[in-house]
Amino acid sequence: MNIRVLVVDDQAMVREGFAALLGAQDDIDVVGQAENGAVAVEMTAIHRPDVVLMDVRMPVMDGLEATRQILAGDINTQEATTHVLMLTTFDVDDYIYDALRLGASGFLLKDALAGELVAAVRVVASGEALLAPSVTKRLIEQFAVSRARPVLSRDRLAGLTDRELEVMTLIGRGFSNQEIADQLFIAQQTVKTHVSKILAKLDLRDRVQAVVLAYDTGLVEPGS
């Protein structure tokens, strides 16, 4: 089945450009366009897209509030199937950290190459987090250390085994599954099993939220 995408941006030229690019792909259907977050929430409820390509700064309702409502569970009444990919003009945007904490699957700069945008949509639609751009970890680190934020108790991680804590720590440091396997001298499939258990135990959508939680609980310190 094709990937269903909703494009959300307050600038018509940008919105239509992204929609045309994605719609030209054989495996992607653009099911709608929205000019602000409020319209995006309504259209998500109607069209149930696999991926919402969400601008951050918009009138009426910004991308952060729209992401919160879309991922809060009141729209996805069954198992969550809609993933949000944030778009931003700036490589360091104070909205993005909150969006990742809310469950956005990653973010992409608006000046990304066409191929990068298409690849990002496919990655997010598959249920993976878009952590590949090096700026993602740098952004999380910056806001983890520089802005006031709630600090969660380490008790939030109490249900994890010692090995799962090791894996969680390495996820927070931006390691891939293969890098974690090499570091801990275990098979990559074993790492995947640990990651799945960690996400399930902590009720996290994906690795992005795991990275954010690692910083929020102090399991990983900025710069570590």
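The values are calculated or read from the model by the stated rules, or taken from the named source; none is laboratory data. Since the structure is predicted, the reported quantities are computational estimates derived from the model, not experimental observations. Using ideal geometry, Cβ is built from the backbone for each residue, glycine included, and neighbour counts are taken over all protein chains shown. Please note that ligands, DNA and RNA were not included when accessible areas were found on the heavy atoms of the full protein model with its side chains. Shrake-Rupley method; radii C 1.70, N 1.55, O 1.52, S 1.80 Å.
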key: Looking only at the range 39-51, and only at residues there that are of a type outside the set (Val, Ile, Thr) and touching a residue at least 24 places away in the same chain (Cβ under 8 Å), the one that is most open to solvent (accessible area, probe 1.4 Å)   = 48
ask   = Is there any pair linking a residue in the range 110-122 that is closer than 19 Å to residue 11 by Cβ to one that is at pLDDT below 90 and surrounded by fewer than 15 Cβ atoms within 10 Å (Cβ to Cβ), with Cβ under 7 Å and at least six apart or on different chains, and which?
value = 110/89
Residue list for the range 18-38, restricted to those being open to solvent by 30 Å² or more (accessible area, probe 1.4 Å) and more than 16 Å from residue 86 (Cα to Cα) = 20, 21, 23, 24, 25, 26, 27, 29, 30, 31
request  = Check the range 132-144 and report whether any residue there is open to solvent by less than 70 Å² (accessible area, probe 1.4 Å), assigned to a loop (DSSP other than H, G, I, E, B) and at pLDDT below 80.
outcome  = yes
remark   = Sole miss for residue 163 among (1) surrounded by fewer than 17 Cβ atoms within 10 Å (Cβ to Cβ); (2) modelled with pLDDT of 85 or more; (3) under 17 Å from the mean Cα position of the chain (by Cα) is condition (3)
message = Looking for something outside any loop (DSSP other than H, G, I, E, B), at pLDDT below 85 and open to solvent by less than 30 Å² (accessible area, probe 1.4 Å) - is there at least one such residue anywhere in the range 84-93?
response = yes
Subset of the range 184-210 that is aliphatic (A, V, I, L, M) and more than 15 Å from residue 160 (Cβ to Cβ) - its residue that is surrounded by the most Cβ atoms within 10 Å (Cβ to Cβ) = 208
